1. Take the residues of segment 287-318 that are touching a residue at least 60 places away in the same chain (Cβ under 8 Å) and more than 13 Å from ligand 1 (Cβ to nearest atom): which is nearest to R349 (Cα to Cα)?
2. Taking segment 57-79 as the search range and keeping residues that are within 16 Å of ligand 1 (Cβ to nearest atom) and buried (at least 24 other Cβ atoms within 10 Å of the Cβ), which one is nearest to L122 (Cα to Cα)?
3. May I ask you to say which residue of V392, V366 is among the hydrophobic types (A, V, I, L, M, F, W, C) and surrounded by fewer than 19 Cβ atoms within 10 Å (Cβ to Cβ)?
4. Condition (residue is in contact (Cβ under 8 Å) with a residue 12 or more places away in the chain and either in the same structural domain as A362 (by TED's automatic domain parsing) or on the phi > 0 side of the Ramachandran plot (or both)) applied to segment 105-118: is it met by at least one residue?
5. Quick check on my filter: what residues within segment 176-203 are of a type outside the set (A, V, I, L, M, F, W, C), over 23 Å from the mean Cα position of the chain (by Cα) and more than 15 Å from ligand 1 (Cβ to nearest atom)?
6. Just wondering, is there one or more residues in segment 55-67 that are within 22 Å of M318 (Cβ to Cβ), within 16 Å of ligand 2 (Cβ to nearest atom) and hydroxyl-bearing (S, T, Y)?
7. Restricting attention to segment 274-302, which residues are crowded, with 24+ Cβ neighbours inside 10 Å and within 17 Å of W338 (Cβ to Cβ)?
8. Working only within segment 240-258, note down all residues that are surrounded by fewer than 22 Cβ atoms within 10 Å (Cβ to Cβ) and in a helix (DSSP H, G or I).
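The values are calculated or read from the model by the stated rules, or taken from the named source; none is laboratory data. Because the structure is predicted, anything quoted here is derived from the model rather than measured. Glycine gets a Cβ as well: all are built from the backbone with ideal geometry, and neighbour counts include every protein chain shown.
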Amino acid sequence: MSSLLVDNIGELVTNGAGEGPLGIRRNAAVLVEEGLVVWVGPSAYAPAADRRLDAGGAAVLPGFVDSHAHLVFAGDRAAEFAARMAGQPYTGGGIRTTVGATRAATDNELRATVRRLRGEALRQGTTTMEIKSGYGLTVADEARSLRIAAESSTETTFLGAHVVPAEYADRPDDYVSLVCGPMLAAATPYAKWVDVFCERGAFDVDHARAILACGQAAGLGVRIHANQLGPGAGVRLGVELDAASVDHCTHLSDADVDALAGTAHGDGSGTRTVATLLPGAEFSTRSPYPDARRLLDAGVTVALATDCNPGSSYTSSMSFCVALAVREMRMTPAEAVWAATAGGARALRRDDIGVLTPGARADLVVLDAPSYLHLAYRPGVPLIRQVMRNGVTP
Ligand code: NIG
Ligand code: FE
């Protein structure tokens, strides 16, 4: 069994025991065996290992956990972005443009896009990335989207209910039946989660409940796009169905925040349903940012994710989302880094990632900086010096 010691770590973010909310340890080392962290402690007392990686006094963090991304698509919508920057509002109407391009693409074209974006994210420190379908919206196109997504991630999400496709525009009930019936059956072998875009112009709360309940009955975990473009019952529906995460949360009422806070574990470890905030979407749609402070102050567990997609947020950079969360959403740098690592893990109901403690996967990043603070302090700068996934440099 070959072992690897990452030592000479100036600042180690463990998200476990240690200093402050990030469980920081200074002058630390991490011993990795068989892809797992087996020991964390002072560099000076580190056990011997077959190989050594000298972090040179830099900061080491758990790899980013991006719990919300739409990578299976064709084409882009750069012109739509330009129009928005000139004053056009975002409505989600452009989703149908991407659906047309995605249906027309070959499997290999879709595969190449997924691999390109997954690789782009990995180089920027994302060691786990959830991938949704949702630009196929036929039985065959949703199934192939998920089959291709599953080649790059175990965290795959069936989003057949992204919008009602044009051919069902005047009979949305029939589309919901298709999603709950043959489409779900074709998606289930490749999907771990079910998601719905619950929003005016997409699916109302009754349709969303029906689809999520069918997915849940088929063994999928629940997540939901909710309260992105306006207020609504999506967040409360997520809580009702024990969703792992309610995503966007841009327009929340007191009742929404109370419902999320009501899912608290009761032992001070946060909430069972996580609020996943996607500031790349507010950036790219020039919209007001969600009120992260209100959620955090109510005790709600918050995750940050990219929402990487060709319409509302074409970024794969978790560092960028951390910087936005700090500058625009009044999260502290520590809260933002926790949300982008341990928070993402919680949003995927995983306890083996997002932390660097014995037993966790050896998914980590070495920064080109002495502290995690630099992720927000030096926005736009490529600070990821080295990435390790399952103990291996990919
Ligand atoms: O999460 N809100 C719905 N879906 C995506 C946007 C998809 C698109 O515009 O293509 C989102 O923002
Ligand atoms: Fe999304």
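1. My answer is A303.
2. Going through the qualifying residues, I end up with D66.
3. V392
4. no
5. Within segment 176-203, S177, G181, P182 qualify.
6. Yes - at least one qualifying residue is present in segment 55-67.
7. V274, A275, T276, L277, L278, P279, P290, A292, L295, V300, T301, V302
8. Selection gives E240, D254, A255, V257, D258.
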